[in-house]
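Here the structure is laid out as structure tokens; the discussion comes afterwards.
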Amino acid sequence: QVVALYFARSAELAGVRSEIISVPQQLTSLQLWEEIVKRHPSEAMNESEDEPKDFIKLNCEKLSADEVSELVISPCCGAVSLFIGTTRNNFEGKKVIHLEYEAYSSMAEAEIKKICRDVRQKWASIKHIAVHHRLGLVPVTEASVIVAVSSPHRVASLEAVQYCINTLKATVPIWKKPLGAVASMSLGPAPLPAAPIGRERQTTDIRSRGQLCLRTVNVNTVSARQLYAL
């Protein structure tokens with residue numbers, strides 16, 4: 001059982017100052033709110049038309065900060081926090097003209113949905129979450145990722161945005177490659193040294209998020225750059 005306490009306007013709408021609500025042993029704050037709304041279905045308390053939503057998009061289109069922030073605006077929220085990640089013109093001291101992004105889209109979307117669920121567990125007041133990530137080539141100064149979060153007060157949305165982008169960078173299978181003035185020139189890891197003819201080299205792919213994958217390739221027929229791409 002949970003004791004719900006009502007103050008100010010909520011007490012006026014509920015018609016009581018407190019009540020005991022029987023609930024399952026495990027209950028989220030959102031589920032509790034839904035139970036309260038069922039008990040007191042006044043128009044002011046019922047926000048069914050503005051239920052929390054997650055907006056996730058991965059594609060090659062140019063991103064719009066206005067569009068993304070508009071998605072999370074809610075009449076019950078006084079804060080919208082936004083993070084915009086853009087392409088800078090340098091990488092490890094080398095000139096960059098654009099970044100190239102590649103994703104395992106289905107898994108990436110599943111991982112982003114998990115991040116959204118985690119956010120709602122950590123910050124119960126969060127209303128809407130939007131995560132848009134651009135794929136393909138992203139020129140200098142253009143946005144590659146935009147994260148927007150709305151909440152009644154600024155602290156929750158600011159902290160949630162930082163958590164979203166940090167976790168996305170660490171766990172979501174999206175890879176980027178900085179490219180210089182010559183489009184085919186990668187500014188990523190240096191080519192692997194050549195191996196003696198007739199021998200095989202075992203390579204380690206550490207680019208998979210959270211996974212370690214070992215592969216054996218014949219270096220007589222595979223170039224150094226192809227080795228990196230495997």
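The values are calculated or read from the model by the stated rules, or taken from the named source; none is laboratory data. The model shown is predicted, which means the values in this text are computed figures rather than measured ones. Counting neighbours? That spans all protein chains shown, and the Cβs are built from the backbone with ideal geometry, glycine included. The protein model used for the area step is the full one, side chains on, heavy atoms only, and it has no ligands, DNA or RNA in it. Shrake-Rupley method; radii C 1.70, N 1.55, O 1.52, S 1.80 Å.
Here is how the numbers come out for the structure above:
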{"read-out": "Residue list for segment 1-33, restricted to those being charged (D, E, K, R) and surrounded by 11 or more Cβ atoms within 10 Å (Cβ to Cβ)", "value": "Glu12, Arg17, Glu19"}
{"read-out": "Breaking point among (1) touching a residue at least 40 places away in the same chain (Cβ under 8 Å); (2) in contact with a Ser or Thr (Cβ under 9 Å, 6 or more places away or on another chain), for Gly136", "value": "(2)"}
{"read-out": "Condition check for Glu51: under 30 Å from Glu142 (Cα atoms), out of contact with any Asp or Glu (no Cβ under 7 Å at 6 or more places or on another chain) and open to solvent by 70 Å² or more (accessible area, probe 1.4 Å)", "value": "no"}
{"read-out": "Lone qualifier among Val149, Val140, Val131 - being farther than 21 Å from Glu61 by Cβ, open to solvent by less than 50 Å² (accessible area, probe 1.4 Å), of a type in the set (Val, Ile, Thr) and at pLDDT 95 or above", "value": "Val149"}
{"read-out": "Test: residue in segment 83-96 that is over 26 Å from Lys122 (Cα atoms), within 17 Å of the chain's Cα centre (by Cα) and touching a residue at least 40 places away in the same chain (Cβ under 8 Å)", "value": "yes"}
{"read-out": "Qualifying residue in segment 28-51 (condition: assigned to a loop (DSSP other than H, G, I, E, B) and in contact with a strand residue (DSSP E or B) (Cβ under 9 Å, 6 or more places away or on another chain))", "value": "no"}
